[in-house]
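Below you'll find the structure, written out as structure tokens, and then a few comments.
Just so it is clear, none of the values below were taken in a lab; they were calculated from the coordinates. Source: prediction; values computed, not measured. Here Cβ is always computed from backbone atoms with ideal geometry, including for glycine, and neighbour counts include all displayed protein chains.
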Amino acid sequence: MLTVYAARERLRRREVSAVELTRAFLERIHALNPRLNAYLTVADETALAMAGDADARMARGEDTPLLGVPIAIKDVLSTRDMRTTAGSKILANYTPSWDATAVARLRAMGAVFLGKLNCDEFAMGSSTENSAFGPTRNPWDETRVPGGSSGGSAAAVAADLCCAALGTDTGGSIRQPAALCGVTGLKNSYGRVSRYGLIAFASSLDTVGALTKDARDAAIMLRAMEGRDPLDSTSVEVEPIDVASLDQSRDSLRGLRVGVPAEYFGDGMQPDVAQRVREAIAHLQALGASVREVNLPRTHLGLPVYYIIAPAEASANLARFDGVKYGLRVQGRDLIATYMETRGAGFGAEVKRRIMLGTYALSAGYYDAYYIRAQKVRTLIKRDFEQAFSHVDIIAAPVSPTTAFPLGAKIDDPIQMYLADVFTLPVSLAGICGISIPCGFDRDGLPVGLQLIGPAFGEQRVLEVAHVFQQTTDFHLQKPKWHGQPRSS
Amino acid sequence: MLTVAEVERIARLARLALREDEQARYARQLSAILDYAAQLAELDVEGIPPTATVLAVHSVMREGDEVVAGLPRADALRNAPDTDGASFVVPATFDDE
């Protein structure tokens, strides 16, 4: 397991060159990706050229926290001259002419891009089964889903197919796959990282972040991407993450006030998931934190609110896919027919479902009853968190009610699939931050995630608590057992 | 319960061509999701302001207005399904050309 931090240390000490490191990752990807389908594009030539540039920069004495470090990028983020599909047939041959701002900042720091990672189509889903290019498989059990929508990112990090991966989280799409694949995933507060160049799903909810092997790497990646961007008017300048202070945090959480919401431990929970999360909270207490119950009474309303607001925004955002300027075109008898045939053929089942749901919620006669009402309840959900954070510093809860489920188990039942995100949706609606970190395993040996939730722009504290947890546990260091090792490892 | 006719109307608004089996399936699935969302109707939200964005900032002014190079034409056209080398080519909008 090679973290961003460890890779950088080895590169700095000249134990390995960026080209050697990149070549080793590419070999491992070619050996394992046919089984996992985590990568949609493996950019061998580009990666080796970027690694060569990084080695040259190091030879000139340059140093950045990411110089020469091989990473990979969820395929909803634009990458200059590198195919970007959003997991959709409609963009199967799309190659952007610009980088997303998050990508550009990592490129400027000398990170090496190994390729693009699989995801649910337009980031809509909780299992990566909605990808037009086939599902990603969970490295812990290849008959199970990796979660979603950043399932390729989570699987690639879990299987050591990159040092870290970019993902996006609109309703849980970083945290839930991180939990199901046993990696660390930070969903940033809305506005902390620019959304420019992210192929938009739900613009009031979309966030860009990283899936990593530990909390320190999560801090390094956030520090590299965060901050105001003139190209995104909703991006915000905040106090930057202080990565060095993580290492100064002692193995103690004395004085920390942790809230535990009873609403996150209700019916429908897999018993050993609830058990592992309660043990993790007991561990925080053993480290000196004080634990008290908090109330988040609208938790159950997160799902209906989200599935009105997000599809409504998606139906507007996805109107741009019209077969004119880019992407697939299916020619019809006139322009309207061309739009309809193109979109009918180019979008998958879940994307069409959400576009229609959003179109309905925004249509005359239903706008007030569904869309405005959902926005009002969103206000109540946000207030619940504000109220809770007046008593506690951080909230500890499960990430998802279950561990990784079998491929195909929920694909025909949208509501069952949506319930996988019931504990991540409220944080997204409130625009606050949350991290998923590994906190144990279920009876089948599948990873369980602990969600640590902070207030808006409270990432520093969330990362510090996650880091102390990881300094005193080894769940994040455990790796899937490979049945039938690939030749190259 | 949404009817197939209602699904057809929504699909038309959304510019989506659906097959017959899709229409029937979506009528069932969209109805189930809307039934689930019906619990929102039971809440008292009198006087609660809607949240369109969680940020406190509104109507951000653009920072300066410097002249910068735009997207080169070749880049704008590189992903187009059909071009004549200078413009996007699309089917006629009106019947009588």
If you find the alpha carbon centre of segment A:364-397 and of segment A:410-475, how far apart are they in angstrom?
19
Under the rule of at least 5 residues apart or a separate chain, name every residue whose amide H is placed under 5 Å from the amide H of A:Phe441.
A:Val448
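Relative contact order for segment A:244-378: what percent, with Cα pairs under 8 Å and sequence separation of 6 or more? The partial results should precede the final answer.
Values: 128 pairs, mean separation 33.3, N = 135.
After rounding, I find 25 percent.
Averaged over peptide A:95-101, how many Cβ atoms belonging to another chain are found within 10 Å of each residue's Cβ? Before the final figure, lay out each step's value.
Values: counts 3, 3, 7, 2, 0, 0, 0.
Across the residues of A:95-101, the mean count of other-chain Cβ atoms within 10 Å is 2.
Quick one: net charge of A:Pro401's neighbours, Cβ under 11 Å, K/R +1, D/E -1? Mind showing how you got there, number by number?
Details: positive: none; negative: A:Asp267, A:Asp421.
Taking every Cβ under 11 Å from that of A:Pro401, the sum is -2.
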Treating only the Cα positions of chain A as identical point scatterers, give the base-10 log of I(q)/I(0) from the Debye formula at each q in 0.09, 0.11 Å⁻¹.
-0.55, -0.84
Just the number, please: percent antiparallel of the DSSP beta bridges in the protein assembly as shown, rounded to the nearest 5.
70
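Suppose only helical runs count, i.e. DSSP H with n ≥ 4. What mean residue ellipticity at 222 nm does that imply for the protein assembly as shown under -39500 (n - 2.57) per run, divided by all residues and rounded to the nearest 500 deg cm²/dmol?
Details: 19 runs with 215 residues, N = 586.
After summing the helix terms and dividing by residue count, I get -11000 deg cm²/dmol.
Within 14 Å, Cβ to Cβ, of A:Ala123, how many net charges do the neighbouring residues add up to if Lys/Arg are +1 and Asp/Glu are -1? Intermediate values should be presented prior to the final figure.
Details: positive: A:Lys74, A:Lys116, A:Arg175, A:Lys187, A:Arg195, A:Arg354; negative: A:Asp75, A:Asp120, A:Glu121, A:Glu129, A:Asp169, A:Asp206, A:Glu313, A:Glu350, A:Asp421.
Its environment carries a net charge of -3.
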Please sort by residue number the trypsin sites (Lys or Arg not before Pro) in segment B:20-93 whose DSSP state is loop and whose Cβ has at most 14 other Cβ atoms within 10 Å.
B:Arg62
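For A:Phe405, A:Phe441, what ranking results if the residue with the fewest other Cβ atoms within 10 Å of its Cβ goes first?
Ordered by Cβ neighbours within 10 Å, fewest first: A:Phe441, A:Phe405.
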Within chain A, how many Lys pairs sit with Cα atoms under 18 Å apart, leaving out pairs fewer than 8 places apart on the same chain?
12
For segment A:122-134, what does the Karplus curve 6.51 cos²θ - 1.76 cosθ + 1.60, with θ = phi - 60°, yield as ³J(HN,Hα) per residue in whole Hz, taken in order and with x for Gly and Pro?
6, 6, 9, x, 10, 8, 6, 6, 7, 5, 6, 10, x
Taking A:Lys382, A:Lys74 and counting other beta carbon atoms within 10 angstrom, the fewest-first order is A:Lys382, A:Lys74
Only Cα pairs under 8 Å and at least 6 apart count here; give the relative contact order of chain A as a rounded whole percent.
18
³J(HN,Hα) across segment A:137-147 via Karplus (A = 6.51, B = -1.76, C = 1.60, θ = phi - 60°), whole Hz, x for Gly/Pro?
9, 6, x, 7, 6, 6, 8, 10, 6, x, x
Per-peptide average of other Cβ atoms within 10 Å, ordering A:305-317, A:22-34 highest first
A:305-317, A:22-34
Phi-derived 3J(HN,Hα) across segment A:286-291 with the Karplus relation (6.51, -1.76, 1.60, θ = phi - 60°), rounded Hz, x for Gly and Pro, is 4, 7, x, 6, 9, 10
